[in-house]
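The values are calculated or read from the model by the stated rules, or taken from the named source; none is laboratory data. Keep in mind the model is a prediction, meaning the values are calculated, not measured. Glycine gets a Cβ as well: all are built from the backbone with ideal geometry, and neighbour counts include every protein chain shown. Ligands, DNA and RNA are excluded from the accessible area calculation, which covers all protein heavy atoms including side chains. Shrake-Rupley method; radii C 1.70, N 1.55, O 1.52, S 1.80 Å.
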Amino acid sequence: MSKLSLTVVDDANYILSGELNRYSVANLQLPKNSSKTTLTLDLSEITKVDTAGLAWLIYSLSQLQRNNISLKLVHLPEQLKKLMQLGHVENLFE
């Protein structure tokens, strides 16, 4: 089983650590009721990512946008950048 953890830095900044894949994203959620207009997700500690991980990021973005919150991804791993380019979704995130 893959391990993934979400660390809260403050009410607008979060760090994801571990493997962002189909095994780890099932119960993971970002807060949708933030008072901030932008949530920043630091991905520098992601060790692996697959298409399900990318799908989770897109789903999370859509859920946040329903509450007028944008999602900014920082320190993207190369593997994720390549998946985003293949899926033509690199422009979805700030």
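When you check Ser60 against the structure, is it surrounded by 11 or more Cβ atoms within 10 Å (Cβ to Cβ), among the polar types (S, T, N, Q) and assigned to a helix (DSSP H, G or I), yes or no? Show your work before the answer.
Working: surrounded by 11 or more Cβ atoms within 10 Å (Cβ to Cβ): yes; among the polar types (S, T, N, Q): yes; assigned to a helix (DSSP H, G or I): yes.
For Ser60, the condition - surrounded by 11 or more Cβ atoms within 10 Å (Cβ to Cβ), among the polar types (S, T, N, Q) and assigned to a helix (DSSP H, G or I) - is met.
Here Leu30 passes the criteria (1) assigned to a loop (DSSP other than H, G, I, E, B); (2) within 16 Å of Phe93 (Cβ to Cβ); (3) free of Cβ contacts under 8 Å to residues at least 24 places away in the same chain except the one numbered (3). Checking region 71-85 against the condition returns no match, with no residue being assigned to a strand (DSSP E or B), exposed (fewer than 14 other Cβ atoms within 10 Å of the Cβ) and of a type in the set (S, T, N, Q). Could you list, ordered by first residue, the pairs with Cβ atoms under 8 Å in which the first is in region 2-19 and within 17 Å of Ser70 (Cβ to Cβ) and the second is in a loop (DSSP other than H, G, I, E, B) and open to solvent by less than 20 Å² (accessible area, probe 1.4 Å), at least 6 apart or interchain? Pairs that qualify, where the first residue is within 17 Å of Ser70 (Cβ to Cβ) and the partner is in a loop (DSSP other than H, G, I, E, B) and open to solvent by less than 20 Å² (accessible area, probe 1.4 Å), are Tyr14/Leu30. Applying the criterion of being open to solvent by 40 Å² or more (accessible area, probe 1.4 Å) and of a type in the set (D, E, K, R) to the residues of region 39-49, the residue that is farthest from Ser70 (Cα to Cα) is Lys48. Within region 69-82, residues that are in contact (Cβ under 8 Å) with a residue 40 or more places away in the chain reach partners that are surrounded by 14 or more Cβ atoms within 10 Å (Cβ to Cβ) and in a helix (DSSP H, G or I) with beta carbons closer than 9 Å, at six or more positions or on different chains, in the pairs Leu71/Leu57; Leu71/Ser60; Leu71/Leu61; Leu71/Leu64; Leu80/Gly53; Leu80/Leu54; Leu80/Leu57. Applying the condition of being in contact with a strand residue (DSSP E or B) (Cβ under 9 Å, 6 or more places away or on another chain) and of a type in the set (S, T, N, Q) to region 64-94 and asking which residue is farthest from Ser5 (Cα to Cα) yields Gln65.
The set of residues in region 19-38 that are surrounded by 15 or more Cβ atoms within 10 Å (Cβ to Cβ) and within 22 Å of Gln85 (Cα to Cα) comprises Glu19, Leu20, Asn21, Val25. Exactly one residue among Ser2, Ser17, Ser60 is of a type in the set (Ser, Thr, Tyr) and at pLDDT 95 or above, and that residue is Ser17.
Against the conditions (1) among the aromatic types (Phe, Trp, Tyr); (2) surrounded by 15 or more Cβ atoms within 10 Å (Cβ to Cβ); (3) not in a loop (DSSP other than H, G, I, E, B), Phe93 satisfies every one except (3).
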